[in-house]
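Report on the following structure.
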Amino acid sequence: MTKRISTIKNQDRSVKILLFPLLVLIILVSTIPIILSIMASFTDWVAGIDVDINFNGLANYRYMLTDMQFFASFKLGLIWSILVTLLTTIMGVCVALLLNQNKRYMFPLKLLALSPWAMSPPAIAVIWITLMNVNSGPFNIILRKLNVPAGEIGFLEDPTLFFPTLLVIGAWALMPMITLSALASLKILSRELSEAMDIDGVTPLQKLRYLILPHLRPVLVPLFALNLIWNFGAFDLIYVILGSFPPPNSEIPIVFAFRQAFKYGQFGYASALGVTIALFELVLVYVILKKQMRESNQ
Amino acid sequence: MKTLRVIGTVFFTIFFGLPLFWLVSTSLKQELQIGSSDLIWFPTKPDWANYSEAVNRSGILVAAWNSLWMSALSAFITTAVTAPAAYLVAQSRGWFSKVATGWVLSSQVFPSILTVFPLFLIYVKIGLFNTFTGAIILYVIFNLPFSLWLQRGFVKNVPTEILEAGRIDGASGLKVLRYVVFPLILPGSIVVFIYAFINTWNNFLVATVFLQGNEKQTLTTQLARFIGTEGLGLFGPFAAATVLSVIPTLLLFIVLQRKFTANLVAGAVKS
């Protein structure tokens, strides 16, 4: 038996050798940068050629605790991430329930609902900037037609409307992943059980409450956790939209940290912010998934 | 319940359809119609001038070509390395699979945008900065965690008896992979390829930071340039360029979506 295992190990060695270059690349472009970034968070590193870099202990982290702007952006990031994840999850499940009827006329909706996934952040930004335009966007034109006094709404320019608009765009762009996963899970829902419930005269709402949602739970909870951290660190989409409409105090922490690094050249400080964000995300995922695992073990 | 269903279907069709419809309609309007304060749902005479202007604009065609070949190549490499890697992760019980899982998780948690600067310095030092090779390496590595996770489900479904039978016959690990595992996880490879292609095509970060100069732009960075200072007056060509940039991924997705969803389910269910 031991001999057989050892030959299997030897047989797999060729695969390992084949993958060795890949491992080197992963270490080079993924592991080392993370380690460097953690190290940089303990230094006074600023942009420039031939600047001295010195370790300064926890100075960056201490400064962070006094940085009210960072706290504001952290709070905003949390609100953004929770709201957009809730919105996408609820709407995504609704769309999946609609699509799961397997009616032929649902096919166009299926393509439409999954299409944002095939689009790049700049393309999404273009689409919504055109749609939300003050003068020529359809919403504003309709509002003017209806003689609404505020027929010139700057959905992206108005500081109070910017955030809700961003949520709508986020829901639109980030939903496909949830829809697809929920749909995949619904496909394996026991048809017999579902039909038995229909015969027993269970109302659709009760069915949703006692059959469908519990069935979706094991898929949705980890997905919710993952989306929470992805959206907390969602850089591309927000950066591109902010690029053309930078309203004050609307930076989520990841954009805030990026600006600290690439606009103000504060690499040390930006790294400390990045490490903080990563730690926070790690704790968040751990707490949610741990709870989920404990529940599924019971 | 039925009314709720109808309302839901109508709402979501508009919610997802309207932005796309408006984009296409804008791309076919003349400049005056675009700025018009009258509601023009669709121009009576579609004008293709925006498309020729978008295509003639410096760099769009080059960028489209760069996006296309880099996405295809990155997706191919990702698919090729994911299969053996997922096989190894699924096979090994010890530290290897733990380390791999740990890496997959941590790479999701640590904001990639903040590793960009150290990475930039490394790239400059070893001469990979502003090279297609360097960009493709990044695309592949960024695609890898999720691809591994996707492929893992499929590899797990390969019955161990088949693997062991191959081994007892004296086949090497590579041969088992080539003749036994690869054909069995073809559905998983299709899923990974589609995911990797779309993800690379839409990637914004890598080309923004690591590729400089007009001849090395991708469609995403070209579009982002449009959005910036110069683009705001040019909604027409802008919309046309966006339509063009969306077509390949959308087509790929429409053609393969049935397979994609089915395979995604297959990978998730049995494991």
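Among B:Thr79, A:Thr179, B:Thr131, B:Thr208, sorting on how many other beta-carbon atoms sit within 10 Å of each Cβ, with the fewest leading, yields B:Thr131, B:Thr208, B:Thr79, A:Thr179. Largest mean-square fluctuation among B:Leu121, B:Leu234, B:Leu73, in a Gaussian network model of chain B whose springs join Cα atoms under 10 Å apart, belongs to B:Leu121.
Extension gain for A:Leu86 to A:Gln69 (0.36 nm times residue separation, less C-alpha to C-alpha distance): 3.6 nm. Taking the number of Cβ atoms within 10 Å of each Cβ as an exposure proxy, the fewest-first ranking of B:Ser71, A:Ser190 is A:Ser190, B:Ser71. Label zone (A:Phe107, point 7 Å along Cα-to-C-beta; backbone nitrogen cut-off 18 Å) within the range B:1-37: B:13. In summary, the convex hull built on the alpha carbon positions of the protein assembly as shown has an orientation-averaged projected area of 30.3 nm².
Under 10 Å, Cα contacts only: if you run a Gaussian network model on chain B, which one of B:Val255, B:Val181, B:Val192 comes out with the highest mean-square fluctuation? Evaluated over chain B, the most mobile residue of the options is B:Val255.
Per-residue packing, averaged as other Cβ atoms within 10 Å, sorts the ranges A:194-202, A:76-84, B:45-53 into the order A:76-84, B:45-53, A:194-202, beginning with the highest. The modelled label-to-label distance between A:Lys290 and A:Leu23, using points 7 Å beyond Cα along the C-beta direction, is 3.1 nm.
Seen from a random direction on average, the alpha-carbon convex hull of the range A:70-297 projects onto 16.1 square nanometres.
Helix B:235-270 axis versus longest C-alpha principal axis of chain B: approximately 30°, rounded to the nearest ten. Taking a sphere under 15 Å around the Cβ of A:Ser194 and counting the other residues whose Cβ falls inside, with K and R at +1 and D and E at -1, yields a net charge of 0. Taking label positions 7 Å along the Cα-Cβ direction at both A:Ile79 and A:Glu157, the computed distance is 2.3 nm, reported to one decimal. For A:Lys145, the lysines whose Cα comes closer than 30 Å to its Cα, not counting residues fewer than 8 places off in the same chain, are B:Lys29, B:Lys45.
At each listed q (0.10, 0.12, 0.16 Å⁻¹), what is the log10 of I(q)/I(0) that the Debye formula gives for the range A:1-134 modelled as equal alpha-carbon point scatterers? Relative scattering, expressed as log10 I(q)/I(0), comes to -0.85, -1.00, -1.05. Among B:Phe197, B:Phe210, B:Phe12, the largest mean-square fluctuation in a Gaussian network model of chain B, built with springs joining Cα atoms closer than 10 Å, belongs to B:Phe12.
Counting 0.36 nm for each residue step from A:Leu282 to A:Leu143 and taking away their Cα separation leaves a gain of 45.6 nm. Relative to the longest principal axis of the Cα atoms of chain B, helix B:112-126 runs at roughly 80 degrees.
Derived value for the range B:58-270: Kirkwood hydrodynamic radius 19.0 Å. Basis is the mean of 1/r over every pair of different alpha-carbon atoms.
Around the amide H of A:Thr43, modelled in the peptide plane, lie the amide H atoms of A:Asn56, all under 5 Å away and 5 or more residues distant in sequence or on another chain.
The orientation-averaged projected area of the convex hull spanned by the Cα atoms of the range B:1-47 comes to 3.9 nm². Using the Cβ-Cβ distance between A:Thr203 and B:Thr3 with R0 = 22 Å, the FRET efficiency computed as 1/(1 + (r/R0)^6) comes to roughly 0.90.
Every read-out reported here was derived from the displayed coordinates using simple, explicitly stated rules and does not represent laboratory data. Just so we're clear, the structure is a prediction, and the values are computed from it rather than from any experiment. Positions of Cβ are generated from backbone atoms using ideal geometry, with glycine treated the same way; all protein chains shown enter the neighbour counts.
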